[in-house]
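*Asks:* Got a structure for you, written out below as structure tokens; questions coming shortly.
The values are calculated or read from the model by the stated rules, or taken from the named source; none is laboratory data. For clarity, every value in this text was computed on a predicted model and none was experimentally measured. Neighbour counts are summed over all protein chains in view; Cβ atoms, including those assigned to glycine, are modelled from backbone coordinates with ideal geometry. The accessibility values were calculated without ligands, DNA or RNA, using every heavy atom of the protein model including side chains. Shrake-Rupley method; radii C 1.70, N 1.55, O 1.52, S 1.80 Å.
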Amino acid sequence: MSCKELRRAGVLARVESGELKLVNAAVMMGLSYRQTKRLAKRYREGGAEGLKHGSAGRESNRRKAKKFREQVLRLVGKKYSGEEGERFGPTLAAEHLASDDHVEVNAQTLRLWSAARKRRVHRKRRERKEHMGELVQMDGSFHEWLEERGPGGCLMNMVDDASGDTLARLGSEETIWAAAGVLRAWIKEYGVPVALYTDWKNVYVPEASRKEQLQGVVPVTQFGQMCQRLGIGIIAANSPQAKGRVERNHGTHQDRLVKKMRLKKIKTHAEANTFLEKEYLPEHNRRFRRIPARPEDYHRTAPRAVELEEIFHLETGRVLGNDWVVRHDNRYFQVKAQSRQYAPAKGKVTVCEWEDGRLQIRYRDRAVTWEEISGPVPVQTVKPREAMAQKQKSPTPKADHPWRQAYRKMRPWSRPGTPSEPAIGVTAPSASP
């Protein structure tokens, strides 16, 4: 299957799960509604394999012979290729192949060696949503917001599609907690929106792997889980132009906000966020806000602070060891025995983590008591060369040792107190008369 077919399978899997409608899938895949219905039917009947083109893997009946194609490629690469401006176009190259090299080939066959002119896909401006809260666009913008006075950062920006109301927070990176922080501020200010319009990023909506696409599994990020707990849908845009409202909003902030913070001599992110909340955003919304087409507000009532605290946390699945120890983020937690129902060994638990570093371990949605313990001491392995170097060297023989004497200078060696005997092969000198 091609990458395009795998992407279509991922979109149709979301349709089957009820997350998207066929109208949304048609926009995401760039197809008409009727064609999307045909693909959805093929997906229901044959799964992801049903989207595979019938001619995939088969050779064309009009395919040129391999030797002929190699000959044409060799001639074009040797005589008719070059830098931009020197390279022959397909029509001219076909003419010279026929006249100079006596090789007849159609000009369209050589089209791949020329810069093929592609027509731009016809696009139509998407109208604004009619109700406030129906769709809110979210994106991060990296820029030198504080210029040389402070560190760079990422402005997390949210724009209502119907009214243009804007809320932004400045941070260091476009992370899960940065996205959760600006969404939490939006909920506190306006309420819970119906849907978010974001990028295809690992923070919001990740691209499904090939295995997930074939299995029809829709991956969900930690931020996506938070939105599910709030009942907010996430729609991923296939191009920056699709969420042009928030993109144009970035340009406005990169001009006006930077200059206003320069006048205020703001140097930190905390000072910038205070300025955004108290002065800049109220003025910006008064100036650029539009009246929605319909007066009804689709924002739902914001949950209580306790409920929001429970919603905005990370969840990671873990398995209890035989010793009731949970390992998470290179830390070890000993689960204590419970008076009531307790998690069994090899049982699945959930580690909940909040932005301030608080942790909670849950078994079947019930918190269990635990304590952090030190991890096992790693065993230090000695490399073979180091082990050889650590071995004691053999003692060096003394200067009078027989091994250090020449053959003719060797003398019989004996222990102290024993008479010496002549060495083998050496005759003792006789006494003179």
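*Asks:* Restricting to the range 188-216, name every residue that is under 21 Å from G244 (Cβ atoms) and more than 17 Å from the chain's Cα centre (by Cα).
*Replies:* Across the range 188-216, the qualifying residues are P193, V194, A195, L196, Y197.
*Asks:* Please go through the range 165-180 and give me each residue that is touching a residue at least 60 places away in the same chain (Cβ under 8 Å) and either farther than 19 Å from T268 by Cα or assigned to a helix (DSSP H, G or I) (or both), ordered by number.
*Replies:* The answer is D165, T166, I176, W177, A180.
*Asks:* Further question on the same structure: Please give the number of the condition S141 fails out of (1) closer than 24 Å to E307 by Cα; (2) in contact (Cβ under 8 Å) with a residue 60 or more places away in the chain; (3) not β-branched (V, I, T).
*Replies:* (1)
*Asks:* Further, regarding this structure: So which pairs qualify, if the first residue must be in the range 104-130 and within 27 Å of A242 (Cα to Cα), the second must be at pLDDT 65 or above and open to solvent by 100 Å² or more (accessible area, probe 1.4 Å), the Cβ gap must be under 7 Å, and the two must be at least 6 apart or on different chains?
*Replies:* Cβ pairs passing all conditions: E130/R294.
*Asks:* Is it the case, given these coordinates, that R290 is open to solvent by 80 Å² or more (accessible area, probe 1.4 Å), over 26 Å from the mean Cα position of the chain (by Cα) and modelled with pLDDT under 95?
*Replies:* yes
*Asks:* Within the range 246-263, how many residues turn out to be under 25 Å from the mean Cα position of the chain (by Cα) and either open to solvent by 40 Å² or more (accessible area, probe 1.4 Å) or on the phi > 0 side of the Ramachandran plot (or both)?
*Replies:* Adding up the residues that qualify gives 1.
*Asks:* Out of (1) of a type in the set (G, A, S); (2) part of a loop (DSSP other than H, G, I, E, B); (3) surrounded by 11 or more Cβ atoms within 10 Å (Cβ to Cβ), the odd one out for S55 is which?
*Replies:* For S55, the exception is condition (3).
*Asks:* Something else about it: Could you check Y80 against (1) open to solvent by less than 60 Å² (accessible area, probe 1.4 Å); (2) closer than 30 Å to D199 by Cα; (3) not acidic (D, E) and say which number it fails?
*Replies:* Of the numbered conditions (1) open to solvent by less than 60 Å² (accessible area, probe 1.4 Å); (2) closer than 30 Å to D199 by Cα; (3) not acidic (D, E), the odd one out for Y80 is (2).
*Asks:* For the range 22-46, give me each residue that is without any contact (Cβ under 8 Å) to a residue 12 or more places away in the chain and either open to solvent by less than 30 Å² (accessible area, probe 1.4 Å) or of a type in the set (D, E, K, R) (or both).
*Replies:* A26, R34, R38, K41, R42, E45
*Asks:* Being under 20 Å from F312 (Cα atoms), of a type in the set (G, A, S) and under 30 Å from the mean Cα position of the chain (by Cα) is true for just one of A185, A272. Which residue is that?
*Replies:* A185
*Asks:* Also: Looking at the range 189-265, what helices (runs of 4 or more DSSP H) fall wholly within it and have at least 3 residues that are of a type outside the set (A, V, I, L, M, F, W, C) and within 16 Å of G140 (Cβ to Cβ)?
*Replies:* Output list reads 244-252.
*Asks:* Step by step: first the residues of the range 327-342, then only those that are over 26 Å from the mean Cα position of the chain (by Cα) and outside any loop (DSSP other than H, G, I, E, B), then the one that is surrounded by the fewest Cβ atoms within 10 Å (Cβ to Cβ). Which residue is that?
*Replies:* The selected residue is Q334.
*Asks:* When you check D161 against the structure, is it acidic (D, E) and either surrounded by 15 or more Cβ atoms within 10 Å (Cβ to Cβ) or within 21 Å of the chain's Cα centre (by Cα) (or both), yes or no?
*Replies:* So D161 fits the description; yes.
*Asks:* Just checking, which of E49, E19 is within 26 Å of E207 (Cβ to Cβ), part of a helix (DSSP H, G or I) and in contact (Cβ under 8 Å) with a residue 40 or more places away in the chain?
*Replies:* E49
*Asks:* A follow-up question, please. Within the range 343-361, which residues are open to solvent by 40 Å² or more (accessible area, probe 1.4 Å) and either farther than 15 Å from V325 by Cα or at pLDDT 90 or above (or both)?
*Replies:* Residues satisfying the conditions are K348, T350, E353, E355, D356, G357, R358, Q360.
*Asks:* Is it fair to say E19 is at pLDDT 85 or above, surrounded by 12 or more Cβ atoms within 10 Å (Cβ to Cβ) and either over 30 Å from the mean Cα position of the chain (by Cα) or closer than 22 Å to S209 by Cα (or both)?
*Replies:* Taking the combined requirement at face value, the residue satisfies it.
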